Amino acid sequence: MPDATFTAPDLTTFTRLNELGLEAVGQHLTDDHAVLVCRVTEPDDWCHQCGAHGAPRDTVTRRLAHEPFGWRPTTLLVRVRRYRCPECGHVWRQNTDAAAEPTR
């Protein structure tokens, strides 16, 4: 490949997490499985009830299965931010619909 142009390694693009609205921020590999820690890329910090700007409240983690890489089953640990509206008190999570069905 004498004419190839190389860029820095990008785990997010390599694992196609960018298509799910996620970004890889960490990894843990063992002989029999892989775990990728991810964050949601879009903030989603405007209240869905009244439209006011929400304040970060805390973070929850969702565990999702992902396509295996090689022989390793791969799990995503997705850090999802929760917000609270100072105006109406509504609490919501960042939208993760592109990565997984909503939890009920």
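Per residue of the range 88-93, what does 6.51 cos²θ - 1.76 cosθ + 1.60 with θ = phi - 60° give for ³J(HN,Hα)? Whole Hz please, x for Gly and Pro, Karplus curve as stated.
The phi angles translate into 10, x, 5, 10, 8, 10 Hz.
Sorting check: for 38-47, 24-33, which peptide has the highest mean count of neighbouring beta carbons within 10 Å, and how do the rest follow? Can you show the working numbers first?
Numbers: 38-47: 16.6, 24-33: 11.4.
For the peptides 38-47, 24-33, the packing ranking is 38-47, 24-33.
Arranged from highest to lowest average of other beta-carbon atoms within 10 Å per residue, in what order do the peptides 90-101, 53-64 appear?
90-101, 53-64
Considering amide H positions built from the backbone, and no H for Pro or chain starts, which residues 5 or more places from residue 57, or on another chain, come under 5 Å of its amide H?
82, 83, 84
How large is the dipole of the chain about the Cα centre if only Lys and Arg carry +1 and Asp and Glu carry -1, each at its Cβ, rounded to the nearest 20 debye?
520 debye
What number, rounded to the nearest 500 deg cm²/dmol, is the helix-based mean residue ellipticity at 222 nm of the chain, given -39500 (n - 2.57) per DSSP H run of at least four residues and division by all its residues?
Result for the chain: -500 deg cm²/dmol, rounded to the nearest 500.
Please list 3J(HN,Hα) in residue order for the range 72-83, calculated via the Karplus relation 6.51 cos²θ - 1.76 cosθ + 1.60 where θ = phi - 60°; whole Hz, with x for glycine and proline.
8, x, 10, 10, 9, 9, 9, 7, 10, 6, 10, 10
Assuming R0 = 22 Å, can you tell me the calculated FRET efficiency for the pair residue 57 and residue 95, based on Cβ-Cβ distance, to the nearest 0.05?
After rounding, the FRET efficiency stands at 0.90.
Rule-based calculations on the coordinates, nothing more; no lab input. Nothing here was measured: the structure is a model prediction, and the numbers come from that model. Cβ coordinates were reconstructed from backbone atoms using ideal geometry, including for glycine residues, and neighbour counts include every protein chain displayed.
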